[in-house]
Each structure stands twice: as structure tokens, then as C-alpha cells.
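Trainee: So that we are looking at the same thing, I have put the structure below in C-alpha cells.
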Amino acid sequence: MATRLEQAAMPTPTPMRILHSRAALQAELQALPRPPVLVPTMGHLHAGHLALVARARALGGPVVASVFVNRPQFGAGEDFDRYPRDLERDAELLRQAGCDLLFAPGEADMYPVAQTFQVRPDPQLASQLEGAARPGHFDAVATVVLKLLQLTRPSAAVFGKKDYQQWLVVRAMVEQFALGVRIEGVDTVREDDGLAMSSRNSYLSPAQRAQAPQLQRALRALAARLPGCAEARGLQALEADAQQQLRAQGWDPDYISVRRRADLQPAGDEDLAAAGRLVVLGAARLGSTRLLDNLEI
Ligand code: PAF
């Protein structure tokens, strides 16, 4: 029987081309009948990435996926060196999923000269949550995404909403710089036990893997308490409780926070009263693996 990953990859195989240099990419792009839809990734693909490819196809493709582990977005002591890389496997999954072009540049192609110009996303959006835990992370993400958009000139680009703040940062960048690219967010794909799919799940030991859905459960438990919270000033206690619950289970949380979906600012009373305005975001370490997740409510 086909595994979930194979099922997600299912559509018709296409003669996907793999391009390692900017020049090769440009030549292929010129031959496309219309602008592509970009799916930027760092590889080690899972069904969540393939859902992005499926959305890109639904948007009318042709689909260009990029696989590039972007060193500058990893902080000192983070997992750049051990980040899983298997281009052959990624290429096969993308091919089966109906991707047309795979752009897999080396560092010298993406950064032929030192990247002294950087995108600096609005600190209101980018210096909190992930940005506070990983200083400079979103500068590097926005910079590489801008470069990928410039190199592929897509009509649209597709991002996973598991990296919710990243999705919002990219959306805001594209809007403010009038890049004219549609930015699509795709819902998180989960394992059967609720764990959000992530390339970093492969770092987990079997015992940690069994424990990992606790992060999503903590977000759900917090969301379930929100109807009883009439005022935003009560949220801090609920967030602290959720973090404490995770700590008691052996996690080291960076944050669990209820925010406005639109701009990730702390929720106000009026946001609590309205439907569909909030998202609970969480990031926590289980052993040496840092996982993040969120829940729109
Ligand atoms: O989400 C990712 O995989 C990366 O942050 C991205 C968008 C490909 C930029 O390196």
C-alpha cells in the first residue's frame, strides 16, 4: 500500500528538469509558456511540501520548486550543518508530484558575492516570537525569498502556514515592495496523531516522536480556554499555564502566544470577541529539537 508521502506525491510523472545554476534556470524559464508558480523549500521534503506543489499546480503552474538550505537564516549553534539533505529523494518526490523545474543552486549561485544588501522586515512583525528567539532570521529569510522571486519571476509563490510568521513577513514584503506576486498560504499538513509535518521531525528519537504531538495539544487546550476569557489581559495567565504544562512534560518552550492573525500583535478585547481573528503560536524545544506549530481560531 502507498504511504501517505507516496500518495501525496501521486499525480502524473512529468519530465522535470533539475537546474543547478542561475544561467540554466533562466534558459528554462524563457521556454515556459507563462510565468511559473514558485514553491521555495529547503528540501528534505514531506507531504506538507507536496501540498504546496499541489496548490501551485492548482494555481495553473508551471511549477518551479527550489531546494536551497539557506545558511544565513540559521543562527550560530543552530542546525545548518545537520539539516537533512537528500536531493535525489527530493527530486523524485517533486517529479512525481508534477513539478516542472527544480532549482537546486549551490551557495555560490545564490550568493556569488557577499550579501551586503539585506531586506529588513518591519520589526513590529519580525522581531517578536520567532524573530525574538532567532535574531536576524527573518532578514535572511526575506532576503533569500526576494532573490528567489527575482530569479524565477513567478506569478505566485506558495508557503506553508506552519511557518505562520514567515508567511506574513513574505506577504508584507511583497506588498510593500509592490513585487506583483500572489503569495499563497497552505494549511499545515499533520501526521495522524496531530504532529505538524516538519523536516526537523526526523531529529526526534522514537520516545520524543511519541511525545511531540503534545505541542499541538497544548495549543488546542489553550484555544479551548479562550471562550472563558472575556478580557485580553487574562490571556497572559493562560499562555503561562500552557507553557508550564509543556515544561512539566519535559519541553523547553520559547513562547506560546495568542496573537492577531493579521499582524501577529497581541490580541485585544475586540479580537477576543470577534470570530476568526486569532492564531495561537508556539515554539518549544524537545531535547535538542526545536519544533513550532500554530492553530488558527
Ligand atoms: O520555509 C522554508 O523552507 C525557508 O525558510 C524558505 C522559505 C525556503 C527560505 O529559505
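The values are calculated or read from the model by the stated rules, or taken from the named source; none is laboratory data. No experiment lies behind these values; they were computed from the predicted model shown. Because the Cβ atoms are built from the backbone with ideal geometry, glycine has one as well, and the counts that use them run over all protein chains shown. For the accessible areas, the whole protein counts, side chains as well, though only heavy atoms, and no ligand, DNA or RNA atoms are used. Shrake-Rupley method; radii C 1.70, N 1.55, O 1.52, S 1.80 Å.
Trainee: Can you pull the Kirkwood radius for segment 1-158, inverse mean 1/r over Cα pairs, to one decimal in Å?
Mentor: The answer is 16.4 Å.
Trainee: Next question, about the same structure. For the chain, take the convex hull of the Cα atoms, compute a quarter of its surface area, and give me that in nm², please. Kindly include the intermediate steps, with their values, before the conclusion.
Mentor: Values: hull surface 63.8 nm².
Projected over every direction and averaged, the Cα hull of the chain covers 16.0 nm².
Trainee: Can you tell me the FRET efficiency between Ala58 and Gln244 if r is taken as the Cβ-Cβ distance and R0 is 30 Å, rounded to the nearest 0.05?
Mentor: So the FRET efficiency works out to roughly 0.10.
Trainee: If you take every DSSP beta bridge whose two residues both sit in the chain, what share of them, in percent to the nearest 5, is antiparallel? All intermediate terms of the calculation are to be shown ahead of the outcome.
Mentor: Values: 18 of 36 bridges.
If we restrict to bridges inside the chain, about 50 percent are antiparallel.
Trainee: Treat every Asp and Glu Cβ in the chain as -1 and every Lys and Arg Cβ as +1, leave all other atoms uncharged, and give the resulting dipole magnitude about the Cα centre to the nearest 20 debye.
Mentor: Using Cβ point charges on Lys, Arg, Asp and Glu, the chain gives about 300 debye.
Trainee: Let me know the shape class of segment 77-206, please: from the alpha-carbon gyration tensor, a ≥ b ≥ c as square roots of the eigenvalues, rounded when a/c is under 1.5, otherwise prolate if a/b is greater than b/c, or oblate.
Mentor: Taking the square roots of the gyration eigenvalues as a ≥ b ≥ c, segment 77-206 is rounded.
Trainee: Relative to the longest principal axis of the C-alpha atoms of the chain, give the angle of the C-alpha long axis of helix 137-152, reported between 0 and 90° and rounded to the nearest 10°.
Mentor: 30 degrees
Trainee: So, one more: Which whole-number percent gives the relative contact order of segment 84-156, counting Cα pairs below 8 Å spaced six or more residues apart?
Mentor: Details: 21 pairs, mean separation 17.5, N = 73.
Reported as a whole number, the value is 24 percent.
Trainee: Enter the Cα centre distance for the pair segment 236-297 and segment 131-196, rounded to the nearest angstrom.
Mentor: Value for the Cα centre distance between the two parts: 20 Å.
Trainee: Please report the base-10 log of the normalised intensity I(q)/I(0) for segment 129-169, using a Debye sum with one equal scatterer per alpha carbon and no solvent, at each q in 0.15, 0.19, 0.23 (1/Å).
Mentor: Taking Cα atoms of segment 129-169 as identical point scatterers yields -0.39, -0.60, -0.82.
Trainee: Ignoring any ligand, DNA or RNA, what whole percent of the accessible area of the chain comes from carbon and sulfur when the probe is 1.4 angstrom?
Mentor: Values: 7110 of 13690 Å².
Using a 1.4 Å probe with all protein chains present, the chain comes out at 52 percent carbon and sulfur.
Trainee: Next question, about the same structure. If you place +1 on the Cβ of every Lys and Arg and -1 on the Cβ of every Asp and Glu, how big does the dipole about the Cα centre of segment 78-181 come out, in debye to the nearest 20?
Mentor: Rounded to the nearest 20 debye, it is 300 debye.
Trainee: Normalising by the residue count of segment 151-297, find the relative contact order in percent from Cα pairs under 8 Å and 6+ residues apart.
Mentor: So the answer I get is 21 percent.
Trainee: Leaving out ligands and nucleic acids, note down the accessible area per residue over the chain with a 1.4 angstrom probe, in whole Å².
Mentor: It amounts to 46 Å² per residue over the chain.
Trainee: For segment 118-164, with only Lys/Arg (+1) and Asp/Glu (-1) charged at the beta-carbon, what is the dipole magnitude about the Cα centre, in debye rounded to 20?
Mentor: For this selection, approximately 160 debye.
Trainee: A further question follows. For the charge dipole of segment 84-217, defined by +1 on Lys and Arg C-beta atoms and -1 on Asp and Glu C-beta atoms about the Cα centroid, which residue among Leu146, Ala114, Pro135 has the Cα displaced farthest towards the positive pole?
Mentor: Result: Pro135.
Trainee: Continuing with this model, one more query. Kirkwood Rh over alpha-carbon pairs of segment 129-226, then Stokes-Einstein at 4 °C and 1.567 mPa s: what D in µm² s⁻¹, rounded to an integer?
Mentor: The Stokes-Einstein estimate is 83 µm²/s.
Trainee: Just in segment 97-161: which chymotrypsin sites (Phe, Trp or Tyr not before Pro) are loop by DSSP and have at most 13 other Cβ atoms within 10 Å?
Mentor: Here the sparse-neighbourhood loop sites are Phe117.
Trainee: Let me ask another. Given the options His20, Ile183, Gly287, identify the residue whose Cα lies farthest towards the positive end of the charge dipole of the chain (+1 on Cβ of Lys, Arg; -1 on Cβ of Asp, Glu).
Mentor: His20
Trainee: Here is a further query. Relative to the longest principal Cα axis of the chain, at what angle does helix 164-176 sit, 0 to 90 degrees, rounded to 10?
Mentor: Compared with the principal axis, the helix lies near 60 degrees.
Trainee: Starting from the Cα gyration tensor of segment 167-296, take the square roots of the eigenvalues, sort them a ≥ b ≥ c, and report rounded, prolate or oblate (rounded when a/c is under 1.5, otherwise prolate if a/b is larger than b/c, else oblate). Write out the running numbers ahead of the final one.
Mentor: On the way: a/c = 2.15, a/b = 1.16, b/c = 1.86.
Since a/c reaches 1.5 but b/c is at least a/b, the shape of segment 167-296 is classed as oblate.
Trainee: For segment 86-134, would you read off the P(r) tail past 18 Å as a percentage of all alpha carbon pairs?
Mentor: Pairs farther apart than 18 Å: 62 percent.
Trainee: Would you work out the relative contact order for the chain, in percent, from Cα pairs under 8 angstrom that are 6 or more residues apart?
Mentor: 17 percent
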